[in-house]
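Beneath this line is the structure, given in structure tokens, with notes to follow.
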Amino acid sequence: LRHVCSSRQQRRLLNHFISKEPEPTEQPPTPYRFTLAVKDNIATTSSSTPSPQPTTCASPFLATYHSPFEATIVTQLRARGARLVGKTNLDEFGMGSHSTHSAAGAVSQPPPPPPNPTHTHTHTHAPDSNHAHNHDMEGMLSAGGSSGGSALAVATGEADLALGTDTGGSVRLPAAYCGVVGYKPSYGMVSRFGVVPYANSLDTVGFLAKGVRAIREVVLGKQGLWGEGDGRDPTCLSAAARRRCARGREGYGTPLGGEVLRGLRFGIPLEYNIEELEPGIRDAWAAAAKMLQDEFGARVVPVSLPTTRHALAAYYVIAPAEASSNLAKYDGIRYGARDTEAASDAAGGVLYAASRGKGFGDEVKRRILLGSYTLSSEAMDNYFIKAQRVRRLVRKDFNRVFALDNPLHERETFDLTDLDESIAMEDKWGPEEVDFLLCPTAPTLAPKLADVMKQTSVDAYMNDVFTVPASLAGLPAISIPMPVASTAGDVVRSGTAGLQLIGQYWDDARLLAVADAVS
Ligand code: GLN
């Protein structure tokens, strides 16, 4: 401001912004109906929790940050009877797949009990403590990430419902690893106001619970969240856009029962049957498809989403690019903890670099460097622009296989000139149009935390291979628990994996009804 206007103008401008600040909405006390845990990248204030807690994003930079306002979603849930029981641990700023990149230490879960337990081992993770359970890491499993703390909070019964954020799978993946339900709504359905951004074009608020019912209740029940816009989040759909999207969609306003399953068509995306898929998960996926046919009379057909194999690479260009821009504001001056030693140094650049050097963890720094590079003039065309192109193709793939149109896009006739030569299409056209896609949430069961610690970052990125396509296209997706007995060599690993259902944009009501009926 100093560079562009006089101090009178500055004051006027500031007043303008200040008067634009949202009015704090006084909530009438609502009778308590359920307990809620909130991922610690979602803003809460002293009115959200009995004792004020910071909103840290698991980052040293924000260790003492107290938000002056509450995220819209928290206000909305409190108005529906939620009692906030705590903030949950995560990967710093939501960047990660195992909730290990946290200033509070790694989240971990005990392995499932042996078939005939001689003792019951309960290892609970207080969702409000944000404390790591680093003792006895031996044998502990990854809780998935980045909403690992939220998934554990519902798995251990410490909260009935938990909020997470899902940018590329961070609600669905931990749900799969922890044996709970994780739902990512259509992009723009739930307000992101008060959610610390990671990659705005992908970020969504997601819900975790033991069963689908609790989630359906808040999203679609009487006063369901699906109908509520928020002017403070420009990407949150307005009331008019919501009405337009719901047109021709079932389940908005009219509750759907289990009979919604009759005559549905489910697509099995062939490209999801990758080599790295754990055999037990492949078997459980096939068993789920058979169950849909036998018990619900559904039709299950193979479909092709050829751009899938490029989706992960595109995601890991787009998400870090947006992150590098978002995180530029943490400089120790405007936002974030200042490095006080460097602060005494006269040169501002030193303060900036020192604060960012201390304030961010390694994975966040890696993303900032990646993003700054792919947005640089020399690399932009080869990375960011290409990734955006892949993103469009991913969306087209989905629009081609779904029977319903995407209300946000014109129905596109598939244009081959738009394709990369490397994407062979002709042999993969399928005439089938389906209602939902059925696939695993992750290629493996929850890995051992000790193994995760040895992984390279790229190994960890692989976990997101089945979740990022729906994120790139902004589609609703849900992970429901699926029992698995897996044989790797002569070791039998059993446990719960995630079965993922993906729907067309704004087909959330049917998606939740179907997930409820089959889980
Ligand atoms: N694991 C992915 C990432 O690190 C997804 C994270 C998320 O959805 N917040 O970017």
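With the structure loaded, tell me whether T235 is surrounded by fewer than 19 Cβ atoms within 10 Å (Cβ to Cβ), more than 14 Å from the ligand (Cβ to nearest atom) and either more than 17 Å from the chain's Cα centre (by Cα) or without any contact (Cβ under 8 Å) to a residue 24 or more places away in the chain (or both) or whether it fails that test. Answer is no for this residue.
Every residue, every condition in (1) within 16 Å of the ligand (Cβ to nearest atom); (2) part of a loop (DSSP other than H, G, I, E, B); (3) not basic (K, R), yes or no:
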{"residue": "R282", "(1), (2), (3)": "no, no, no"}
{"residue": "A287", "(1), (2), (3)": "no, no, yes"}
{"residue": "E295", "(1), (2), (3)": "no, no, yes"}
{"residue": "P302", "(1), (2), (3)": "no, no, yes"}
{"residue": "L305", "(1), (2), (3)": "no, yes, yes"}
{"residue": "L312", "(1), (2), (3)": "yes, no, yes"}
{"residue": "Y315", "(1), (2), (3)": "yes, no, yes"}
{"residue": "A321", "(1), (2), (3)": "yes, no, yes"}
{"residue": "S325", "(1), (2), (3)": "yes, no, yes"}
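Got at least one residue in the range 366-375 being touching a residue at least 60 places away in the same chain (Cβ under 8 Å), within 16 Å of the ligand (Cβ to nearest atom) and out of contact with any strand residue (DSSP E or B) (no Cβ under 9 Å at 6 or more places or on another chain)? Within the range 366-375, one or more residues are touching a residue at least 60 places away in the same chain (Cβ under 8 Å), within 16 Å of the ligand (Cβ to nearest atom) and out of contact with any strand residue (DSSP E or B) (no Cβ under 9 Å at 6 or more places or on another chain). How many residues are crowded, with 24+ Cβ neighbours inside 10 Å and aromatic (F, W, Y) if we restrict to the range 45-90? Of the residues in the range 45-90, 1 are crowded, with 24+ Cβ neighbours inside 10 Å and aromatic (F, W, Y). Residues considered: S150, S186. Of these, the only one that is touching a residue at least 12 places away in the same chain (Cβ under 8 Å), within 16 Å of the ligand (Cβ to nearest atom) and either within 26 Å of P483 (Cα to Cα) or acidic (D, E) (or both) is S150.
A Cβ distance below 8 Å, combined with a sequence gap of six or more or placement on separate chains, defines the contacts here; from the range 53-77, residues that are on the phi > 0 side of the Ramachandran plot reach residues that are surrounded by fewer than 23 Cβ atoms within 10 Å (Cβ to Cβ) and at pLDDT 95 or above in the pairs A58/A103; A58/A104. Inclusion of T122 among residues that are at pLDDT below 65, away from the ligand (no atom under 16 Å from the Cβ) and either within 23 Å of L36 (Cβ to Cβ) or in contact with a Lys or Arg (Cβ under 9 Å, 6 or more places away or on another chain) (or both) is warranted. Just one residue in the set R192, R213 is of a type in the set (K, R), at pLDDT 95 or above and either crowded, with 24+ Cβ neighbours inside 10 Å or within 16 Å of the ligand (Cβ to nearest atom) (or both); that residue is R192. For the range 427-477, the candidate set comprises residues that are surrounded by fewer than 16 Cβ atoms within 10 Å (Cβ to Cβ) and among the β-branched types (V, I, T); within that set, the residue that is nearest to the ligand (Cβ to nearest atom) is V458.
Please verify whether the range 195-210 includes one or more residues that are more than 13 Å from the ligand (Cβ to nearest atom), of a type in the set (K, R) and within 24 Å of S325 (Cα to Cα). No.
The values are calculated or read from the model by the stated rules, or taken from the named source; none is laboratory data. None of the values given here were measured: they were computed from a predicted structure. Glycine gets a Cβ as well: all are built from the backbone with ideal geometry, and neighbour counts include every protein chain shown.
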